[in-house]
Amino acid sequence: MKKQLATLEYTSAYLPNIYTTLETKQDYLLWQTMGLSYTTTGYGHKIPTTYKVKHNNRWKRVYCRVFGNSGSLYIISGNNKCKAFNEISIQEV
């Protein structure tokens, strides 16, 4: 099985945009395998995606916040602070 890597861009209040590459995998939840939506409208604050990234040697679920035509992706780190991503590209290596 090929390894998937995600190149992530995130911003910090004190630093310029930061790019990092993390190992990623797809981990479907039950309702995703059934073809269902997390909310009836498709919009929401903490919608789980099918992706997980390895951050600080732990697998973290990637969440999406959607309130319009596009969404913002983020993970929640150990101290309950969000790392929001501006861009994610996934490739197999």
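Just so you know, all these numbers are worked out from the coordinates, no wet-lab data involved. Note that the structure is predicted; figures quoted are calculated from it, not measured. Quick reminder, even Gly has a Cβ in these numbers, built from the backbone with ideal geometry, and neighbours come from all protein chains shown.
Residues whose amide H comes within less than 5 Å of that of Asp27, counting only those at least five positions distant or on another chain, are Tyr51, Lys52 (H built at 1.01 Å from N in the peptide plane).
Here the simple spin-label model places points 7 Å from the Cα toward Cβ, and for Arg58 and Thr39 these points are separated by 2.6 nm. Once the Cα-Cα distance is subtracted from the 0.36 nm per residue extended length, the Gln4 to Leu30 segment shows a gain of 7.2 nm.
Residue ranges 48-59, 66-77 sort as 48-59, 66-77 when ordered by packing (mean number of other C-beta atoms within 10 Å per residue, highest first).
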